């Protein structure tokens, strides 16, 4: 088992339209798409929403990274298929897979294209107090580090006979201890080290701080925001107008898949 | 003496990480039973990636690895960890039990020993590593050196044929390093094969007989340590520094003292300098007469 897929959510510096968008616009994009995905349970509208994400991936030149994030969650996809097919229907399972793919893609685009510093700046511009904004961006920055650490812990335990697969729920929970205890302890130790390093660099000594870099909402950001608003209004309209989607819509999509 | 067929045979091994980084490129390597091998090279050279392939933690993208003549492709890490024990850099990645004793017992769990055998083995290993007095203590309350010892002990108790250490001297004081050296010596005596990843050039020069030098995912040199790590070109390519004895040798030659290049140890250097001074003083006293 590899946790390398978490690196697919790590910021990568590129000079593209998506990378150059304001982080606030991209945050709005992720939220709008996630809410839109949550509004539907039918395949066709979800599939259309999913298709509308493709230009963003292409414009951001991140096909490889996006594929990796989707592939990394293949286990979750498999679980959705099995559970939903077993308890509801295969058509519903397909819809749920598209829904989760939309949400993962939307946030993957956000994390891949927003630098942690820009994330903090965008939160500050939304009047979030600096210590909280900084903590949030720091947590976001540490995701790949923690993934690496978890991988190292897994390697170290496997080297002394730790078996990943055990039978029975209780045994499976027990089996997590050799991974979780070192991970939590190492994370707490790192948090203390980071806190000390920050304090030694006078973090929080001045209430009103200035910023070397600032972010600005430009014309293209407004244009993108306008698109998001139109898109959101359209999805709400479709949802209200059709109420419950006609059965044939879901089934038609299922026939197409088959 | 090493046997005829290799204990570890690495055949044309490549490894590519998911992010596209090619960490190993066409690695070919033979390691024989009873050898003490050092793997050196700059950070990112592929040293740790290479050792992670030995017990199946990662599987080569291309090529094969044979342990004791068997291809490890279809073997699980659990099975391979009985033959290859890897001691990683950070001991804190291992410890999680309530007591030191339980930590050792956890390592023995997968060996399916009887309760009595398990207890005997635990007692033996705790004694061997001087951890007996900490038996009931939480591993989280041990010092850095003791935690490292515990991590090593938890691999040693499984009695693997091949022991792989990733940076064993890192952050260790002189006493801890000498304990580790004695441990290696005693394991060598009973025929264990030992592989050590290290950046400590003085340590390698003194204790390791064969060194593999890696750079950019390739093996750039493989041979007697003294020859490999005193080669200025190779050392520069691996972002290492020459051993002090070699630096001193170069300095002596720079000031006109003709020091031979095959001097690798403190004793050899002392011998050479004593002879040189003796000759010089003879010449000077001869001139005086």
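Within segment A:62-77, being surrounded by 17 or more Cβ atoms within 10 Å (Cβ to Cβ) and over 13 Å from the mean Cα position of the chain (by Cα) holds for A:62, A:77. Screening B:141, B:130 for residues that are more than 9 Å from every other protein chain (Cβ to nearest Cβ), within 26 Å of residue A:176 (Cβ to Cβ) and surrounded by fewer than 19 Cβ atoms within 10 Å (Cβ to Cβ) leaves exactly one candidate, B:141. Set side by side, the residues B:224, B:243 differ, and just one is modelled with pLDDT of 90 or more and closer than 18 Å to residue B:203 by Cβ, which is B:224.
Report whether or not residue B:263 is out of contact with any strand residue (DSSP E or B) (no Cβ under 7 Å at 6 or more places or on another chain) and at pLDDT below 90. So residue B:263 fits the description; yes. Of the helices (runs of 4 or more DSSP H) that lie entirely inside segment A:146-244, those containing 1 or more residues that are more than 30 Å from residue A:48 (Cα to Cα) and free of Cβ contacts under 8 Å to residues at least 12 places away in the same chain span A:169-174, A:177-200.
Selection over segment A:144-156 of residues that are more than 7 Å from chain B (Cβ to nearest Cβ) and closer than 16 Å to residue B:107 by Cβ gives a count of 1. Answer yes if at least one residue in segment B:89-99 is touching a helix residue (DSSP H, G or I) at 6+ places or on another chain (Cβ under 9 Å), farther than 25 Å from residue B:198 by Cβ, surrounded by fewer than 20 Cβ atoms within 10 Å (Cβ to Cβ) and assigned by TED's automatic domain parsing to the domain that holds residue B:145, and no otherwise. Looking through segment B:89-99, at least one residue is touching a helix residue (DSSP H, G or I) at 6+ places or on another chain (Cβ under 9 Å), farther than 25 Å from residue B:198 by Cβ, surrounded by fewer than 20 Cβ atoms within 10 Å (Cβ to Cβ) and assigned by TED's automatic domain parsing to the domain that holds residue B:145. Here the condition is being touching a residue at least 60 places away in the same chain (Cβ under 8 Å) and at the interface with chain A (Cβ under 8 Å from one of its Cβ atoms); of B:85, B:69, it holds for B:85 alone.
On inspection, residue B:48 does not qualify as surrounded by fewer than 16 Cβ atoms within 10 Å (Cβ to Cβ) and either at negative phi or at the interface with chain A (Cβ under 8 Å from one of its Cβ atoms) (or both). Taking the criterion of being under 14 Å from residue B:5 (Cβ atoms) and surrounded by 20 or more Cβ atoms within 10 Å (Cβ to Cβ), the only residue of segment B:54-72 that qualifies is B:67.
The values are calculated or read from the model by the stated rules, or taken from the named source; none is laboratory data. All values reported here derive from a predicted model rather than from experimental measurement. Note: ideal-geometry Cβ built from the backbone for every residue, glycine included; neighbour counts use all protein chains shown.
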